[in-house]
């Protein structure tokens, strides 16, 4: 069948086969289908052509000369496919095996090598065309998704870099503002009346909130970008929870809150960074207090969990809708509930908790039956962290 030359922007197909007649047949079929084609006659030349030309798709024969690939000639195509899929430059290129072999074992080997499709000689031109088009569409969609993801990561990095720059620039002048307000409230610049003092103290409180937000931002950024060295020490769970309740005692009185500690007899002494763990528990207590419009009851508990320990901070507050159970542990995410009081929340407290718990090799989650039914934040920890110096990534903590 006569065929016109495909346009220069047509998809490029690499055909690797050591039989010239097979290559010629596939070239004719691909040209009729509107594709450009290049040829290779053995394993090494197929790899070289793939890396040089970056074709949109590869059609490989299984049995062809292996050259220096270190495999039997009968497995050359599988080895070529493995190397294509292993290299970041070519891993997304679809591979179709076209071979006279029709054994189930060969099909399994093709799949294990990373092949995307398998055709047996003699193949039907229309079937070949349909499968090539299908894989090219899939590759285009994958490439587009990958490009979108790359752009999103770039935008996120720009946002984070801008945020850190702003935060650093804000901290110094804000500290000066706080110092000035404190001096004015103390009468260092002259006497003030009660109304003026009350307004200054209110302004000081708001500035302290802003400074705390800046501290949250800096702390989360430090944990995400640098290695974390855990100051590990033995901790008795009952003593830890009672210490938290004691330190929050005045705040509980102010809020009219009631807190109890419940530690089972089998709760083990464990090893962790006590300072970081106290901040995790403090964030969870703070979360319960600030998101409730009325006085609440808190229960801080600990019990054995497999070979580790499970902590729980439960309250009878407004609860958390199920759709927020996962997102609240992400940076800047907050529950949008009109029935909850409006409070200063950076959306970083729970993100910080997640980073610290994962750095210890544990996990954190929330349970809540819904609005008005309270919440229970759980986090489990091993008896001792596997690594004392870790880097926290999106996939969890890894040794630094």
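Go through 19-29, 251-261 and give me the packing order, highest mean Cβ count within 10 Å leading. Each step should come with its number before you reach the end.
Working: 19-29: 15.9, 251-261: 14.2.
Descending packing order for the listed peptides: 19-29, 251-261.
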- Query: Helix 76-86 sits at what angle to the longest principal axis of the chain, using alpha carbons and giving 0 to 90 degrees rounded to 10?
  - Reply: 30
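When every alpha-carbon pair in the range 12-123 is counted, what percent end up more than 24 Å apart?
Values: 851 of 6216 pairs.
More than 24 Å apart: 14 percent of the Cα pairs in the range 12-123.
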- Gyration tensor (alpha-carbon) shape descriptor, the range 208-304, a/c threshold 1.5: oblate
- Query: Where the eigenvalues come from the Cα gyration tensor of the range 58-152, what are the semi-axes √(5λ) of the equivalent ellipsoid, largest first, in whole Å?
  - Reply: 25, 18, 9
- Message: What do you get for the angle between helix 20-32 and the principal long axis of the chain? Use alpha-carbon atoms, 0 to 90 degrees, nearest ten.
- Response: 60
- Mind ranking 135-146, 275-286, 235-246 by how tightly packed they are, going by the mean number of other C-beta atoms within 10 angstrom, highest first? 275-286, 235-246, 135-146
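The range 244-297: D in µm²/s via Stokes-Einstein (Kirkwood Rh, Cα pairs, 10 °C, 1.306 mPa s)? If you can, show how the numbers build up before the last one.
Details: Rh = 12.6 Å.
This corresponds to a translational diffusion coefficient of 126 µm²/s.
Please work out how much length the chain gains when fully extended from residue 89 to residue 143, using 0.36 nm per residue of separation minus the C-alpha to C-alpha distance, in nm with one decimal. All intermediate terms of the calculation are to be shown ahead of the outcome.
Working: separation 54, 0.36 × 54 = 19.44 nm, distance 1.22 nm.
Full extension from residue 89 to residue 143 adds 18.2 nm.
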- Query: Sorted by mean Cβ packing within 10 Å, highest first, what order do the peptides 66-73, 9-16, 78-85, 125-132 take?
  - Reply: 78-85, 9-16, 125-132, 66-73
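The numbers here are math on the coordinates, done by the rules we state, and not lab data. Everything numeric in this text was worked out from a predicted model, so none of it was measured. Note: ideal-geometry Cβ built from the backbone for every residue, glycine included; neighbour counts use all protein chains shown.
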